[in-house]
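Any read-out appearing in this document is the output of simple, stated calculations on the displayed coordinates, not a laboratory observation. Computed from a predicted model, the values in this text were never measured in an experiment. Note that each Cβ is placed from the backbone with ideal geometry, even for glycine, and that neighbours are counted across all protein chains shown.
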Ligand SMILES: NC(=O)c1ccc[n+]([C@@H]2O[C@H](COP(=O)([O-])OP(=O)(O)OC[C@H]3O[C@@H](n4cnc5c(N)ncnc54)[C@H](O)[C@@H]3O)[C@@H](O)[C@H]2O)c1
């Protein structure tokens, strides 16, 4: 019961494969109470109400790019949960360029703006809204979800790579300000490729899923392992960790070459 008595807000559960969905189930198991939220358009597509029932909570619609929606979300969440918030999960990503297969050398700039707003600037908006409303308790914990394309080139990840770099930078920059004022911690978790709606939307996803699976000594980290890490990061056990990008990737980020991949190639050629 690592999260007993803690109150949270979880963004981004679309269906049961969503990382946020896995986090909600584990946070519930760990004793937390929280509200769920997603963009109004997503609420019509997914099964988030089913998750709300399992978690004995409610869904508050909010487009994470709209500050007035976020203000309403924090107000209503504090009312429903009976006090300030202890943890927030930002599990949001979307690129129109990636969706519509516009490669990195042919970006449509209006869509790039949308990518950055939805996938990165919304993280700043969530945190700044909470900061101004004084909505998060001292020693609270805020998490965003990132991907290693922020550090290394994965050509088909397109403009999402730039969005993830910005997301990680916001965690550091706001981590300073919120840390000084309220000891609130802000981190990102850099997750292995995971089969979800957002993940599978990237061109060639199955290829880099298999590649990462073979390259990582522990194999790919799944959504449930990410959820366990999130629970730990929301808990007081991780109270001195802030402004970090933390890898939940089975060791992928430290690998240069894995002989298992070479062995596969040799087997293919014989
Ligand atoms: N799946 C992967 O391979 C992988 C790997 C590393 C990091 N991530 C990151 O994990 C996070 C969650 O993605 P997922 O893989 O669970 O996919 P998902 O498609 O289940 O979740 C993405 C969520 O973002 C929400 N969203 C989009 N626009 C929004 C807006 N304007 N306001 C509020 N919510 C909005 C969607 O409705 C959806 O619920 C994303 O940040 C993603 O980039 C995913």
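The alpha carbon centroids of the stretch 118-172 and the stretch 201-240 are separated by 17 Å. Springs between Cα atoms under 10 Å define the GNM used for the chain, and in it the highest mean-square fluctuation of 38, 220, 49 occurs at 49. From helices alone, the chain scores -13500 deg cm²/dmol at 222 nm; the rule is -39500 (n - 2.57) for each run of n ≥ 4 DSSP H residues, then divide by the residue total.
When the chain is modelled as a GNM with alpha-carbon springs shorter than 10 Å, which of 85, 241, 136 fluctuates the most? Largest GNM mean-square fluctuation: 241. Note: the stretch 120-209, Cα convex hull, 92 Å³ per residue. Under 20 °C and 1.002 mPa s, how fast does the stretch 1-62 diffuse according to Stokes-Einstein, given a Kirkwood radius computed over C-alpha pairs? Answer in µm²/s, whole number. My calculation gives 189 µm²/s for D. Taken over the stretch 101-253, the alpha-carbon convex hull comes to 111 cubic angstrom per residue. Each of 129, 270, 197, 35 was scored by other Cβ atoms within 10 Å of its Cβ. Listed from fewest to most, they are 270, 197, 129, 35. Computed across the chain, the Kirkwood radius stands at 18.9 Å (inverse of mean 1/r, all Cα pairs). What's the whole-number percent of alpha carbon pairs in the stretch 63-169 lying beyond 15 angstrom? Everything past 15 Å amounts to 64 percent. When the chain is treated as a GNM with alpha-carbon contacts under 10 Å, the residue of 45, 160, 94 showing the greatest mean-square fluctuation is 45. Here the relative contact order of the stretch 7-269, from alpha carbon pairs under 8 Å that lie six or more residues apart, stands at 19 percent. In summary, the stretch 147-196 shows an alpha-carbon radius of gyration equal to 1.34 times the 2.2 N^0.38 Å reference for compact globular proteins.
Stretching residue 76 away from residue 224 to a fully extended chain increases their span by 50.5 nm, per 0.36 nm per residue minus the current alpha-carbon distance. Anisotropy class assigned to the stretch 205-264 is prolate, per the alpha carbon gyration tensor with a/c at or over the 1.5 cut-off and a/b larger than b/c.
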